[in-house]
Each structure stands twice: as C-alpha cells, then as structure tokens.
Amino acid sequence: MNMINDQCAGLEAFFSNLGFLAIFFDISCGFVTLFSDPFAIFFVILAALVGIIFGALPGLTAAAAIAMMLPILIAYNDQIGALSGLVFLYVIGKSGRYGGSIAAILFNTPGTAASAATMQDGYPMTQKGQAGKALKTATVASAYGDYFGEIVLIFGAVAIATFTRKFGPPENFAIYLMAFVVIGSVVSDSIIKGIISTLFGAIVGLIGEDVITGQFKMTMGIDELESGMALVPLLIGVFVISEVIIQAEKAAKVKMIDMDEGKTLDPTSHYFTWSEFKRCIPLMFRSSIYGSLIGMMPGLGSSVACFVAYGEEKRKAKNKDEWGTGVVEGIAAPESANNAVSGPSMIPLLTLGIPGSTIAAVLIGMFLVNGLQPGPTIFSEDASVQYFIPSTQHFFEITSREYIFAVFAAGLVGIAAYALIGYFAAPFVGRMIAVLPTQWMYPVIFMTALAASYSSRASIYDVGFALLFGVIGYGMRRTNFSAAAFIIAFVLTSSMEEAFRQSMIISDTGAWVFLSFEYQGKFSYAPIFLIIGALVVGFRAWTSYSSSKAEKA
C-alpha cells in the first residue's frame, strides 16, 4: 500500500497545477487503488455477469439482486475487503439495467422497467431475424450512455459536494422535504398515490429509537424494532418476494422466439454496422443527456428516461413512421438513456445524502458498513477508511475521497466488462434464461430471499417482516402505488428527522428558520429548496389536471 501512496503522490504533483483538471488525479488514484486489489477486480467482472443474468430474468431487477446480495456481502465484508463488496453492488446496478434489454428483445417482455421502450423495436427486429443486430445495438448504446453518465457523475458530484458541504441542519431538512414532495409527486402516475407511498415509507422509517431523546417509538413492544426496521428484509420483501408472488400468478414459462426464424440472407442481419453506429451517435448523445438529467432527479429513474428519449427521438426522426417496426434507432435511444441514469442517480446520494434511486438507497448499507456517511463530507480528505486487501492480509488506511474514486474507477471498468460480455454472449444468456424451468427457479429465489432476510441480523422476526412486506409490496404493485417512493422515503426519514430536531435546537425563531434566508449570521438556502419543491408539485398537479381534462374532452 505504501507503493500505492507513492504513486498517488506522484500523480498529485503532476496534476496539482491544472486547476479543475486535477480531477484526473483523483480518478487516476482510484484506478491505482482498484487494481491494487485483485479481489476487487474479480468482483467487478463477476458483477457484470450477475447483473446481466438478473436483468434478463423477466420481472427481477438489479435492485432485487442487490437486496439479496447485500446481507451476504456485509457478513463477509472483512474477508473480501471493504472495496470489493461495494463495487460488486455498484456494477450490478449498471449491468442489470443493460440485462433487461435481452429479455425485451428476445422475449417481448422487459427484464426491467427500464427496458420497456426497447422492446417496441427490439422484438420486431428479432421477428425479422435480426436478433443479433438488436442485441449488439443495445449493448453499444448501453455502454455509450453508461460512460456518459459516469463522466457526469465524476465531475458533477465533486463540484456539487464542494457547494453543499457548507449546508447546515435547516438546509438539510429543506432538501429532504423537497425530495419527499418531488418523489411523491412525480414517481407515480397518480400524485395522491405517490404521496401516500412516500408517507407510508416515512411512517415505517420512524419506527425505533428517537434520534435525540433515545426513547422508543412505535415499536409495539417488539424488542427487534427498538433499533428500527432493518433495510434488508424490507427491500427483499418489496422487490423480491412480491415478484415471486406475481410470477406464481402467471405460472407460465417465457418462450423465446427462434433466433433463426425469419432470418434473411443479408450477412449484416446479426451485426451492428459501422454506418448504423455513426447514424446513431447524435441520437445516443442526446438520449444520454436526457438520461443524465433525469438521473439527477430523485425518484424518477431509468423507466422514465427510456420513454422520454424514445418519444423525443421518434418525434425528431425523419423515418418516424418506421419506428415500432424494428429500427436500430428505436433501440439505441432508450438504451443509451436508461443506462445514462446509472451514474447521475448517485449524485444526490454522494452530495446530499439523498438516494436518487432504489439502487442508490440499497448501496447506503454498504457505505455505512465501511464507515462512510453518504453526503458532501464523503469527498473530504480528512475522513479515512480501514481498507483490507485480502491478497496481502493487511489493513491499510485510505481517505474516503480515494475510496469513492476507486468506486468510480470500478464503474468504468464494469461498463467495459458488461459490454464485452453482452456483445459476444447476449444470445447465449437469452437461451439460458429461456430454458430455465420457472417452476424451480422462482421457488429457489424465494428460499434464497428468506435466507438473506434472516442472515442480515440472524433474526426470525426479519423473515416475518420480509414476508409481510412481500405481501404489502405485491399489493402496492397491483394497485399502482410506488414501491420506489416507499423505499426512498424510508431511507431518508431518519436523517430528515435528525435535521429537523437539530434545526429546532439551534433556532431562536422556531420553524421560521426554514423560511428565513439567514440564520446564525449566514445565508440560508432552505427557502429556495422549499420553493423548488412547491413549484414541482404545482407543475405536476397542473399537468395531471390538464391531461385528465384532455382525456375527458
């Protein structure tokens, strides 16, 4: 590790006089840290494969895979190393988004909600015997969008964290409240259902010990609830067990179309040609911008990005009449957009402590296990992480900033890994998924989910909570309540309550501290965030009313 520090010192000297380009020093140091740990590299490559498989399984998502893996990684964190567990989950989130396109193209069933728009042109291409072309287009577009989003994350997170590091409790509470109302109003088709989902998550998040007084709230006499509801069984219930119930209802095996059916004599029918790639570059660039902007907004996510990009690019296209019949542009647009969400969705978490997606909410668990509190201070040079490298059997100390940039480096390597696997092996993954007997697969997933729930705290109560929230999650999905809003609100509630209580302690004017542009002699941004939240809710209500009025007309 001394050699690593020496190498980083040399890089720092080289980049120190380049101003904002000094960010290249951080990412270079991140690569040095990552490649010093063979275990971490192995887990990056493994995550690329695992994410593709889980994403391609109809109904299961990257969030479900991460939820099941989280307790195992926490339990063996000391054995595999502090970095390996986090990069494994981080890369699964990326490759899982891409994996959903395989099911969308070959099965006409989106593996994830983020690939729903992809099947509109992907499956018609498969029917025309161009499955290979469709899969390769999705792979290239996904990698393009993911790299674009990762660059936005690397440069944007540091810049924003420098600004948000100055925030105090009133600004933090206002940001959390803004996130609550924005997530509740935009994440669901119905504002009312979105807000109810958010409030339900907040209520569950309040269970446990009071952050200031230490008294217990809403525990109903259950000792296991005194420390609050555990995140892992709740995630497993809402995302995994609810999906198993839905699949049990269907009780039907997904059939993959014969990839040779309708095959043409055109030798390019299974290749994404250079001319097609050049034609799609402007489209993928614009779609990546859509995805990145949407990714930075908490609660929206890939499913929104893919349809926004598909709709916008179809509107601009000269051949818009051909969209929906099997054109590469109809795959490239949604795939570059939904994967561009991946990086920027981490910006709210790393700069404000607010998870921008359900995957980011799950990753909080691994950050906390390694002694890192998500938020602007995570880029500080003062905080440090005890970093274990299994190959040396020694603990070392690195700054939290070096640790985060090692995660960014893992993301860049992970994109290349899933792109290579997908480009050459996506048809094989599709065939493997098609022959899996669902009557055996989902029961195995169900039992694995229960085992993961128990292992998080070795509590049978957590198994019961997972089953309970599995039923609740099933009900939410059937009635179009938002599971994403519920999870994000649950994760945010404790921090929001703490910020509120701290604000009341330091305030001489009570709740007015949130509406005043000044407290303790410094400028406050709290009213600005509250105004933004109110404007978003007002705009969402107006568009909902306008749409309802137009439908009636």
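Computed quantities for the displayed model
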| quantity | calculated |
| --- | --- |
| For region 481-547, alpha-carbon Rg and Dmax in angstrom | 15.5, 46 |
| Under the Karplus curve 6.51 cos²θ - 1.76 cosθ + 1.60, θ = phi - 60°, whole-Hz ³J(HN,Hα) for region 29-42, x wherever Gly or Pro sits | 5, x, 5, 4, 5, 5, 6, 7, 10, x, 4, 5, 4, 4 |
| Net charge of Cβ neighbours under 10 Å - reference Pro71; Lys, Arg +1; Asp, Glu -1 | 0 |
| Extension gain, Ala451 back to Val471 (0.36 nm per residue minus Cα-Cα distance, nm) | 5.5 nm |
| Packing-based order for 97-104, 71-78, 213-220, 309-316, using average beta carbon neighbours within 10 Å, highest first | 97-104, 309-316, 71-78, 213-220 |
| Calculated Rg and Dmax of region 65-186 using C-alpha coordinates, Å | 19.3, 59 |
| Set of region 495-526 residues, backbone N closer than 11 Å to the point 7 Å along the Cα-Cβ line of Lys217 | 495-501 |
| Ile398 long-range amide H proximity, modeled H, under 5 Å | Val385, Tyr387 |
| Volume in Å³ per residue [convex hull over Cα atoms, computed for region 98-170] | 98 |
| Spacing of the two label points (7 Å from each Cα toward its C-beta) at Asp210 and Ser380, in nm | 2.8 |
| Using a Förster distance of 56 Å, the FRET efficiency for Ser227-Phe285 (Cβ separation, nearest 0.05) | 0.75 |
| Ellipticity estimate at 222 nm from DSSP helix runs (n ≥ 4, -39,500 (n - 2.57)) divided over the chain, nearest 500 | -22500 deg cm²/dmol |
| Ordering of 35-46, 165-176 by packing [mean C-beta count within 10 Å, highest first] | 165-176, 35-46 |
| Distant-in-sequence amide H partners of Phe216 (H built 1.01 Å from N, under 5 Å) | Asp210 |
| Restraint check, Lys128/Lys278; Lys94/Lys133; Lys94/Lys318; Lys166/Lys193; Lys94/Lys314, Cα-Cα greater than 28 Å | Lys94/Lys318; Lys166/Lys193 |
| Alpha-carbon gyration tensor eigenvalues x 5, square-rooted, for the chain, Å | 36, 28, 26 |
| Normalised contact order of the chain, rounded percent, pairs of Cα under 8 Å and 6 or more residues apart | 27 |
| Whole-percent pair-distance distribution, where bins are 10 Å wide, for the alpha carbons of region 157-211 | 21, 36, 32, 11 |
| Förster radius 60 Å - calculated FRET efficiency between Arg478 and Lys278, Cβ distance, rounded to 0.05 | 0.85 |
| Charge context of Ser459, other residues only, Cβ under 11 angstrom, K/R +1, D/E -1 | -2 |
| Contour minus Cα-Cα distance for Asn319 and Arg165 (0.36 nm per residue) | 50.6 nm |
| Radius 13 Å from Cβ of Ile154, net charge of other residues (Lys, Arg +1; Asp, Glu -1) | -2 |
| Residue-wise HN-Hα coupling along region 126-131, computed from phi with Karplus coefficients 6.51, -1.76, 1.60 (Hz; x: Gly, Pro) | 5, 5, 8, x, 10, 4 |
| 5 angstrom amide H check on Ser482, placed H, neighbours 5+ away | Ser197 |
| Rg to Rh, two decimals, where region 299-349 supplies the alpha carbon set and Rh follows Kirkwood | 1.07 |
| Separation of the Phe155 and Leu436 label points, Cα + 7 Å toward Cβ, nm | 3.9 |
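All of the numbers you see were taken from the coordinates with simple rules; none came from a lab. Note that this is a predicted model, so its numbers are computed, not measured. Reconstructed Cβ throughout: ideal geometry from the backbone, glycine too, with neighbour counts over all protein chains shown.
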